[in-house]
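> Sharing a structure here in structure tokens format.
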Amino acid sequence: MSINSSVTAFAPASVGNVGVGFDVLGHALDGIGDTVTLRRDDRPGIRLQGVFGRIRELPADPASNTALRPLVALCQDFSITEGVAVTIEKGIPLGSGMGGSAASAVAAIVAANALWQLGLDPERQLIYAAMGETVASGAGHLDNLAPSLFGGLVLCEAGDPPAITRLPVPADVCCVLVHPELRVDTRDARAMLASSVPLSTHVQHAQHLAGFVAGCLRSDMDQIGRCLRDVVIEPQRRALIPGFAAVQAAATNAGALGASISGSGPSMFAWCRQELAAEVAEAMVDAFAENDVATEHWVSAINAPGARLLTSAAGAVSV
Ligand code: HSE
């Protein structure tokens, strides 16, 4: 048996809600994510050692840090008393609607599970990671956490344990994600939402969510396109995004099946056939630029892989 002195895990960014499934639907993104390293430390407790990447500073208090909070809970539950130094490499912009808080929490728990060889099943890991999401947004919604952990497009049922269903997606559909260089705090974007919707809106929303899932199960592009429409959340949040209507129209005019807000924004996503991805991305970027908003963008598979260990052997000692 060997004990690692440090473990590093990566967890990808994600698109929460996917337009039609507020808090219940999400998918992973390729090529961008957060990386967390846990290193055994002589000093007891969970200690933030460093923050790298897009930002250099995060709260060191576990009560305010999405990666540290789940680690503290895990140490309490498993009576782990040894110290651990945590470094976080933020690949995901803060307040971008790309699931950054979820990715940091997931990477921390995946690393901890390996470091202490806890054998936690994925649902248990999700429950711990949700404690980190609660720090960031005030709610343990799973629509970023679950795709970041499992990868792909997932349907999330809260519960103990939560039930996560991986949905198929048509092979030649991909996601264009455009991040305008603005910041939206998820907590604020949740606080602005009405607490109830008219019955007719609820019915329309249910039709869209059910039709979207059915379209994915059947690989029916027309149905996915018809149903990728958010009648509940988008109308309430679109004002947070300068040029929202123009960007959405640009995406669909360029051939996207649909486009909406990624998570709580301000990033926007579009689903489209792979051969149209460059065109759709350019149209969305140009529409933002016409509204004086600078952007960066990614094109990703929807079945993007979930969290994984990057290194678990560095500095290993045998016992
Ligand atoms: N479902 C969450 C929300 C995602 O829309 O508030 C946050 O990224």
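The values are calculated or read from the model by the stated rules, or taken from the named source; none is laboratory data. What you are looking at is a predicted structure, and each value in this text was computed from that prediction instead of being measured. Reconstructed Cβ throughout: ideal geometry from the backbone, glycine too, with neighbour counts over all protein chains shown. Heads up: the accessible areas ignore ligands, DNA and RNA and are worked out on the full protein's heavy atoms, side chains in. Shrake-Rupley method; radii C 1.70, N 1.55, O 1.52, S 1.80 Å.
> So for the chain, taking the charge dipole from beta-carbon charges (+1 Lys/Arg, -1 Asp/Glu), which of Pro198, Cys175, Gly45 sits furthest toward the positive end?
Result: Gly45.
> Given Cβ point charges of +1 (Lys, Arg) and -1 (Asp, Glu) and nothing else, what value in debye, to the nearest 20, does the dipole of segment 19-92 about its Cα centre take?
About 200 debye.
> Here is a further query. Using +1 at the C-beta of Lys and Arg and -1 at the C-beta of Asp and Glu, which of Val231, Ala270, Asn291 has the Cα lying farthest in the positive direction of the dipole of segment 173-301?
Farthest towards the positive end: Val231.
> Using the heavy atoms of the protein chains alone and a 1.4 angstrom probe, what is the accessible area of segment 236-290 per residue in square angstrom?
Using a 1.4 Å probe on heavy atoms only, each residue of segment 236-290 averages 36 Å².
> Now for a different question. Considering the alpha-carbon set of segment 173-301 alone, what are its Rg and its Dmax in angstrom?
For segment 173-301, the Cα radius of gyration and maximum Cα-Cα distance read 14.6, 40 Å.
> Within the chain, what is the longest stretch that has no GluC sites (Glu not before Pro) placed in a DSSP loop and near at most 12 other beta-carbon atoms within 10 Å?
182-319
> Also, quick follow-up: Can you pull the one-decimal nm distance between simple spin-label points at Val197 and Glu181, each 7 Å off the Cα toward Cβ?
3.4 nm
> Hey, another quick one. With just the Cα atoms defining each centre, how far is segment 30-52 from segment 224-279? Give it in Å.
Segment 30-52 and segment 224-279 have Cα centres spaced 34 Å from each other.
> In addition: What does the extension gain come out to for Phe78 and Gln236, with contour length at 0.36 nm per residue minus their alpha carbon separation?
This chain segment gains 52.6 nm when fully extended.
> What does the helix-only formula give at 222 nm for the chain: each DSSP H stretch with n ≥ 4 adding -39500 (n - 2.57), the total divided by the residues, and the result rounded to the nearest 500 deg cm²/dmol?
-10500 deg cm²/dmol
> Quick one: with all protein chains in place, what share of the accessible area of segment 173-301 is carbon or sulfur, to the nearest percent (1.4 Å probe)?
The computed percentage sits at 49.
> Using R₀ = 51 Å, calculate the FRET efficiency as 1/(1 + (r/R₀)^6) where r is the Cβ-Cβ separation of Arg218 and Asp42; round to 0.05.
So, using R0 = 51 Å, E works out to roughly 0.35.
> Can I ask one more? What is the diffusion coefficient of the chain in µm²/s, taking the Kirkwood radius over Cα pairs and the Stokes-Einstein relation at 4 °C with a viscosity of 1.567 mPa s?
66 µm²/s
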